[in-house]
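A short worksheet on the structure shown next.
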Amino acid sequence: MKEGMEQKYRFNDLAERCVRVNQMLWVISSEILGVLVVYLISRLMTDSISAATAYGNITLCVVFILADAVLFFKNKQWKYYRYVLVTEIGLEYFLISVQSDASFEKLALLGILVATSLFYDKKFQRNVVTFYGGLYLVCFFIKYSKGIVELNVNTIAEIIIIYMVFIILYQNSSVGKQFSDDALGKQEEQGELQKQILADVLDISHEVKEEAGRAKVLLDSLYQSSDTVNQNMQEITSATSTTAENVSEQNNMTYSIQEAIEETVRCSEHMVQIAGESNDNIKTNIRTIDELKTQAENISQTNEEVTDSMEKLQQRTEKVKEIANMIFSISSQTNLLALNASIESARAGDAGRGFAVVAEQIRQLSEQTRQSTENISRIIMELNQNAEEVVEKVESSVQAAGRQNKMILTAADDFQKLDKNIGDLLQEIKEIDGRITHLSDSNNRIVESISHLSAMTEEITASADQAAAISKENLEHASTAQTALELINQTTERMDKYF
């Protein structure tokens, strides 16, 4: 491209212009000399000119033509080449003018003047016009003295016109020189301005390239970070889904705990009723202890009823023990689930802090439930022991029915102990009822916490999905930005070849 541009605008160089004008001046001078040769040969053939004049001028023209060709091809940029041609044409014009009656030779001077005006050299053009003007006037007076031309209005007008043409050509060269200088000056200014603009563009291009390189490094890092965040968000989403399933399972287990607590409450109410009835029966037996002698036959039946009641009480106690064991197992699983929830919330980072607080509350409630259940188990064991003691004492009472008269005092003491044990049993049953009520309240709070935990899990899942979508979008934007920066980098690399 640069070679093509240099070839296209090569005449912007003064040396190239000098070569071109020298070539054209050489061609024009050779043509003029060739015309003179033809003219001389024609005159010689018609015997209208002397042979010596014809051969001498023909030889001189041929020598000029050959010498001009040698000089041109030897040094095409020779700045004095034009002086040689102007002098040759002037000399040949003088010889033809003074040795013949030719009237066309002055046109040769005009042709050379027109060709030399392309040099846009004011001083040279002034010298040529002065030289040719003086030479023309000298030749005119020589012809006039020989009688070849006459001095009349036509010749005077011709002289005036010739000199006007000389002056016009001189002015044309001067104006052309001014135009050329202005155009070259403007072109140089524009060239300098374009160089400055191109230098600024080059600097900006290099800065853009450097910044694009740094931005590409940052975008590569952003792309990798976005990819990592996207993978982490997918893992968090998966973990949150697992946690949601665990929370749902824990919610179902909590409902089972609630049902077990309700069943325990019913059993506790029944135990209170049985204990009240037993207490009433024992008090009745104490009041009727003085009547044991006359109502011995009723003692056996009463003791059997007491035995049946205590067996039922023992059976209820075993059932309560089973329920307490089930509650203890559920509370252990709840504690384990709370620990898993804490681990998952720790993996979720800042987004799982609220989740961790709720999991900690669940763990504390589970621990309270476990402790309450252990207390219930301990009380049930004591109830079972008391019930077994009551059964043993009642069985002893049954076995000693035949000896009741002798054992009335002992029976009275036993019934006092039995009354005390039943009172203790009733008190402990009331405590169990209170603890079960507290356990029910704790379980309700667990249900509320699990519901809140489930809502937070859904929010975390939604946030994780949204974050994953944003991370994926950032990943796509980072990829688009990378493509744009690569395009900018390629563009700046293509601009380098112009500088």
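Among the residues examined, residue 169 does not qualify as open to solvent by less than 60 Å² (accessible area, probe 1.4 Å), in contact (Cβ under 8 Å) with a residue 12 or more places away in the chain and closer than 30 Å to residue 49 by Cα. Where helices (runs of 4 or more DSSP H) fall entirely within segment 29-136, those with at least 1 residues that are open to solvent by less than 40 Å² (accessible area, probe 1.4 Å) and of a type in the set (Lys, Arg) are at 81-99, 106-116.
When you go through 334, 373 one by one, which is the residue that is in a helix (DSSP H, G or I), of a type outside the set (D, E, K, R) and within 56 Å of the chain's Cα centre (by Cα)?
Working: 373 fails: within 56 Å of the chain's Cα centre (by Cα).
Every option except 334 fails the conditions.
Taking into account only those residues within segment 185-209 that are of a type in the set (Lys, Arg) and either at pLDDT 70 or above or surrounded by 11 or more Cβ atoms within 10 Å (Cβ to Cβ) (or both), which is nearest to residue 112 (Cα to Cα)? Looking at residues that are of a type in the set (Lys, Arg) and either at pLDDT 70 or above or surrounded by 11 or more Cβ atoms within 10 Å (Cβ to Cβ) (or both), I get 195. Only a single item in (1) in contact with an Asp or Glu (Cβ under 9 Å, 6 or more places away or on another chain); (2) modelled with pLDDT under 70; (3) surrounded by fewer than 16 Cβ atoms within 10 Å (Cβ to Cβ) is not met by residue 268, and it is number (3).
When you look at residue 182, is it surrounded by fewer than 15 Cβ atoms within 10 Å (Cβ to Cβ), more than 23 Å from residue 123 (Cα to Cα) and modelled with pLDDT of 65 or more, yes or no?
Details: surrounded by fewer than 15 Cβ atoms within 10 Å (Cβ to Cβ): yes; more than 23 Å from residue 123 (Cα to Cα): no; modelled with pLDDT of 65 or more: yes.
No; evaluated as a whole, the condition is false for this residue.
The values are calculated or read from the model by the stated rules, or taken from the named source; none is laboratory data. Being a predicted model, the structure only gives us computed values, none of them experimental. In this analysis, Cβ positions are derived from the backbone assuming ideal geometry, glycine residues included, and neighbour counts consider all displayed protein chains. Ligands, DNA and RNA are stripped out before the accessible areas are found, and what is left, the full protein with its side chains, is counted by its heavy atoms. Shrake-Rupley method; radii C 1.70, N 1.55, O 1.52, S 1.80 Å.
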